[in-house]
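S.K.: Attaching a single structure in structure tokens format; questions to follow.
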Amino acid sequence: MKKLLVANRGEIAVRIIRTAREMGILTVAVVSEADRGSNAERLADESVVIGPAPAGLSYLNHEAVIAAARETGADAIHPGYGFLSENAEFARKVAAAGFTWVGPSPESIDLMGDKSRAREAALAAGVPVLSGTEGALDTSGDIEAIADEIGYPLVVKASAGGGGRGIRRIESRAEVRSTVEVAQAEAQAAFNSSAVYFERFVTRARHVEVQVLGDGETWVHLGDRDCSMQRRQQKVIEEAPAPNIPDNLRQQMRDSSVELARQSQYLGAGTVEFLYDPERQEVAFIEMNTRLQVEHPISEAITGIDLVREQLRIASGEKLGYGQEDVNFTGHAFEFRINAEDPDNNFMPSPGLIESLDLSGGPGVRSDFGFSAGQTVVPFYDSLLGKLVVWAKDREQAISRAKRVLAETEITGIKTTVPLMRRLVDLEDFAEAKHHTTYIESVPGLLGESA
């Protein structure tokens, strides 16, 4: 691999470019007209404007991205996360055009992108799953009886869903038929597939995931992460390792995730996601993300393994060169997602000029940001500005460090989620790891009156 095109923007484009540079690989940034002058464009060796601001005409434009790779002489394409990262059709086009695709095979993307098929693969690999339907739901049958057997509450999920979308909760038998019909319509509109399935709903669930790596011969895990601090199924704070998980369940998640990757011959970095039910002391498979996760830095922090470097090595045909026994875990890490949003006004996006951006430093502190002071946050894309990552020798010290880091972080000119992060890390429930996936909405006064 000599020259890598990064088919993304913002903090993840910057993060990939940095590792590629350390590896002696030249980089190409693709930018929309709205992202001219971005940090990614500034740090890359070359850049190509691939279209106007709308993502459909730029970052999601298959032909424009591949043409940019041809134009610059790139030999590989890294999709980052979001946009084209889990698009099997694009991955096939990249390979057909003669470029190296930095990611799993299109077949793996297809398999894990269909949530009902992924559930079947998980069952075959011995991964624990929630009670629910096997495969897509046949809505011509007695779906009320199926729901009764699973028990209420339950959820109906889009088979092709992702990112917390395409999920509807069902509280009683009377709601089954109408909710399924609504979910099918939403799934068709969002994912061009009306296939849905049932799954038991876990009240006060924890969201835990396992990072895996595979080279075609060897598969390992890089530990687990907790992503339970969420707002409307969007992650806010993540940490590694997941706190307060029984050792036997932690090992079950880790081992079964590696087995799922092995049985599906998974290549590169992937994440197997679980729900943990503290009341029943059970874990269950949700889905597998066939890409780099936003929260990958906390796994890097506790293992010392650069996941992007491993992605690029594996895509180049190299072997991992180590086994599970060689992966060591040290300390505890948190990641705080800093978004250009107003948490006290229903998380309204806050585009505009960043007047100042002062980030903290010191031991165990990392900042992955796609923006600098004097740049403008445009309203066309995801509102993530960047991530603050802290590491310390244990969770208690990591929380103390996080409080200092957040107190020192100042961003002016736009609203951000920093004030909310400060409130969250001061909570006793957070210190004791008692939070869950609907915690933020459940605490009175945590958000502003209009949130």
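Coordinate-derived values only; no laboratory data. The shown structure was predicted, so the numbers you read here are calculated from the model rather than taken from an experiment. Here the Cβ positions follow ideal geometry from the backbone for every residue, glycine too, while neighbour counts run over all protein chains shown.
S.K.: Just list whichever of Lys115/Lys319; Lys387/Lys415; Lys235/Lys387 have alpha carbons separated by over 20 Å in the model shown.
M.R.: Listed pairs above 20 Å: Lys115/Lys319.
S.K.: Given axes a ≥ b ≥ c from the Cα gyration tensor, I'd like to know whether region 353-451 is rounded (a/c under 1.5), prolate (a/b larger than b/c) or oblate.
M.R.: It comes out oblate by the Cα gyration axes.
S.K.: Below 8 Å between Cα atoms, with a sequence gap of 6+, how large is the relative contact order for the chain in percent?
M.R.: Once divided by the residue count of the chain, the mean separation gives 14 percent.
S.K.: Under a crude label model (7 Å from the Cα following the beta-carbon direction), how far is Arg262 from Glu355 in nanometres?
M.R.: For Arg262 paired with Glu355, the spin-label model returns 5.8 nm.
S.K.: For a Förster distance of 35 Å, can you work out the FRET efficiency between the beta-carbons of Val378 and Arg173, rounded to the nearest 0.05?
M.R.: According to the calculation, E is roughly 0.15.
S.K.: Counting helices only, and only those DSSP H runs with n ≥ 4, report the 222 nm mean residue ellipticity of the chain as the sum of -39,500 (n - 2.57) divided by its residues, in deg cm²/dmol to the nearest 500.
M.R.: Computed ellipticity for the chain at 222 nm equals -9000 deg cm²/dmol.
S.K.: Distance from the Cα centre of region 122-151 to that of region 332-394, in angstrom?
M.R.: 40 Å
S.K.: Using the Cα gyration tensor of the chain, with a ≥ b ≥ c the square roots of its eigenvalues, what is the shape: rounded (a/c below 1.5), prolate (a/b larger than b/c) or oblate (neither)?
M.R.: rounded
S.K.: As an exercise, use a Förster radius of 30 Å and the Cβ-Cβ distance of Ala431 and Tyr81 to find the FRET efficiency, rounded to the nearest 0.05.
M.R.: 0.50
S.K.: Going by Cα centres, region 1-55 and region 211-263 are how many Å apart?
M.R.: Their Cα centres are 29 Å away from one another.
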